[in-house]
Structures are given as structure tokens and as C-alpha cells.
Amino acid sequence: MSTIGPVKVFTKTMASGATTASFSVGGGYKTYQLAIPSMASGGDVRLGVSVDEGATYKTLYHAPIVSSTTPVLFNIASSVSNMIVGVPPLGQHFQVSVTTAATATAYQFSVICTA
């Protein structure tokens, strides 16, 4: 028999001209999925994680693979938009950023968290 855990969705709007949207999801979750809106080409999506309750953020990297000792930047290419992408567990305070600010529009990002 399986158990059903809670699912919570958190949404933030990144204003026109901005490059970040910060989230505080009230705790840690088992899984995180990022809903990426339709966006203009040219702006990659990256994640930052905070270790000091949202005061500062450090860019998220993948752990090194066996054949390399160099971490790889967690980057969602600008060609990926209007879809949901599974991301690693991010903790309570994290930030979604884009490499190119939107002009004359706002981006709405949602994070789906499951316990």
C-alpha cells in the first residue's frame, strides 16, 4: 500500500527587466519540478540556493561525474520553454534566474513540491 503525500505549488512573477525570482517554500521537499513559462529565446534559466535563509544565493552546479572532477553548471537552455522540468531538491530558499531579462513582459515561474 502506498501513501499519498502533500503536493504544494509556489508561484513567483519575475517582473519585466528583472533577472531573478526568489522562493521560500517553508521547508524542504523530496521532489521539485520547475514550470518554465513561454519565454523569448536567448535567456537560459539557472538556479541559486541559499544557505543563509535567503540573504544570498550561490549558483547550483551538478556534482562531478566519474570521468571528471569539474562540476557542471545547472543550466536550462533558452530553447526549453513552456514546459515542466524536474530539478534536484533545492531546500527552502532558492532563486530562479534568467541570463537575459525580459522586456515588456513578466515571466511567471511555478515550483511544484512533493513531500
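What single numbered condition from (1) free of Cβ contacts under 8 Å to residues at least 24 places away in the same chain; (2) among the hydrophobic types (A, V, I, L, M, F, W, C); (3) surrounded by 10 or more Cβ atoms within 10 Å (Cβ to Cβ); (4) within 19 Å of residue 93 (Cα to Cα) fails to hold for residue 55?
Of the numbered conditions (1) free of Cβ contacts under 8 Å to residues at least 24 places away in the same chain; (2) among the hydrophobic types (A, V, I, L, M, F, W, C); (3) surrounded by 10 or more Cβ atoms within 10 Å (Cβ to Cβ); (4) within 19 Å of residue 93 (Cα to Cα), the odd one out for residue 55 is (3).
Hey, can you tell me all the residues within region 34-52 that are surrounded by fewer than 16 Cβ atoms within 10 Å (Cβ to Cβ) and either among the aliphatic types (A, V, I, L, M) or in contact with a Ser or Thr (Cβ under 9 Å, 6 or more places away or on another chain) (or both)?
Selection gives 35, 38, 40, 41, 42, 51.
List the number of the failed condition for residue 24; all other conditions in (1) closer than 22 Å to residue 114 by Cβ; (2) at pLDDT below 95 hold.
For residue 24, the failing item is (2).
May I ask you to list the residues in region 1-30 that are touching a Pro at 6+ places or on another chain (Cβ under 8 Å) and under 19 Å from residue 58 (Cβ atoms)?
28
Taking region 71-115 only, how many residues are of a type in the set (Gly, Ala, Ser), more than 13 Å from residue 31 (Cα to Cα) and either in contact with a Lys or Arg (Cβ under 7 Å, 6 or more places away or on another chain) or modelled with pLDDT of 95 or more (or both)?
So the count comes out to 2.
Within region 57-70, track down each residue that is modelled with pLDDT of 90 or more and either out of contact with any strand residue (DSSP E or B) (no Cβ under 9 Å at 6 or more places or on another chain) or closer than 22 Å to residue 11 by Cβ (or both).
Listed by number, the residues that qualify are 57, 60.
I need the full set of residues from region 1-21 which are polar (S, T, N, Q) and free of Cβ contacts under 8 Å to residues at least 24 places away in the same chain, in order please.
Correct list: 2, 3.
Which residue is farthest from residue 88 (Cα to Cα), if the candidates are limited to region 20-29 and must be surrounded by fewer than 17 Cβ atoms within 10 Å (Cβ to Cβ) and either hydroxyl-bearing (Ser, Thr, Tyr) or over 15 Å from the mean Cα position of the chain (by Cα) (or both)?
Filtering first and then ranking leaves 20.
Would you be able to tell me the number of residues in region 76-102 that are hydroxyl-bearing (Ser, Thr, Tyr) and more than 16 Å from residue 21 (Cβ to Cβ)?
Total satisfying the criteria: 2.
The values are calculated or read from the model by the stated rules, or taken from the named source; none is laboratory data. Every value quoted in this text rests on a predicted model; they were computed, and no experiment measured them. Virtual Cβ from ideal backbone geometry, glycine too; neighbours counted across all protein chains shown.
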